[in-house]
């Protein structure tokens, strides 16, 4: 997650540059996120009294964004946090409680404050392997159960750039990004592409977690991964 842009409070515009509204990519992104939400519902089985913390909601209002808030039948049970002012988010989801947080800071909640903590497509953007471990530890601290999703490294097309295959190699991806005018995505401070092993390495020692594919399921080449811990 990056710092807010100027005074607008909008943080996430750059994450949607490749996925154009109304196109095939947007339809596939929505389908993938609907399937991720279905896995969340299956594993976490939230009811009307289940309190949920959604960490890193998008302040860009698109059909494929903020799927939890769009689909969850009990929005009043959700607390959402993000880096921006998220005025459009709050207007779109008035029953959801929103709180602004600082990048890299501990979450402002007590241990086990929520029944479930959730984060979608954030872990890969927090800046370093150490920051990823801290981020996931915070999610696990404040939630009795946690459900985290990330783009999968071995999906043929990298989600943020639209570049095929180069992201399968840590050595190849940065120079290809630079050659195509997308240098920022080749920097670990902006994006760390996630495999099963890398996702597992983020989990604190002694905290078992289930890791599996989700989203567009194509076997080894599926679009996303989830981590579920309880």
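The values are calculated or read from the model by the stated rules, or taken from the named source; none is laboratory data. On a predicted model such as this, the values are computed, not experimentally measured, just so you know. We place every Cβ from the backbone using ideal geometry, glycine too, and count neighbours over all the protein chains shown.
Conditions tested, residue by residue: (1) farther than 19 Å from residue 224 by Cα; (2) crowded, with 21+ Cβ neighbours inside 10 Å; (3) touching a strand residue (DSSP E or B) at 6+ places or on another chain (Cβ under 7 Å).
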| residue | (1), (2), (3) |
| --- | --- |
| 79 | yes, no, yes |
| 110 | yes, no, no |
| 113 | yes, no, no |
| 125 | no, yes, no |
| 128 | yes, no, no |
Looking only at region 84-94, how many residues end up being assigned to a loop (DSSP other than H, G, I, E, B) and either farther than 14 Å from residue 55 by Cβ or without any contact (Cβ under 8 Å) to a residue 60 or more places away in the chain (or both)? 3
Per-region count, region 95-119, residues in a strand (DSSP E or B), in contact (Cβ under 8 Å) with a residue 40 or more places away in the chain and farther than 22 Å from residue 33 by Cα: 1
Expected output for region 30-45 (first residue within 15 Å of residue 65 (Cα to Cα), partner in a helix (DSSP H, G or I), Cβ below 6 Å, 6+ apart or cross-chain) is 33/67; 37/67; 37/71
Can you name the residue in region 211-227 that is over 15 Å from residue 35 (Cα atoms) and in contact (Cβ under 8 Å) with a residue 24 or more places away in the chain and, of all such residues, is surrounded by the fewest Cβ atoms within 10 Å (Cβ to Cβ)? 220
Here is a list of conditions, (1) at pLDDT below 95; (2) surrounded by fewer than 14 Cβ atoms within 10 Å (Cβ to Cβ), and residue 203 meets all of them except one; can you say which number that is? (2)
Could you count how many residues in region 106-141 are over 22 Å from residue 198 (Cα atoms) and within 17 Å of the chain's Cα centre (by Cα)? 2
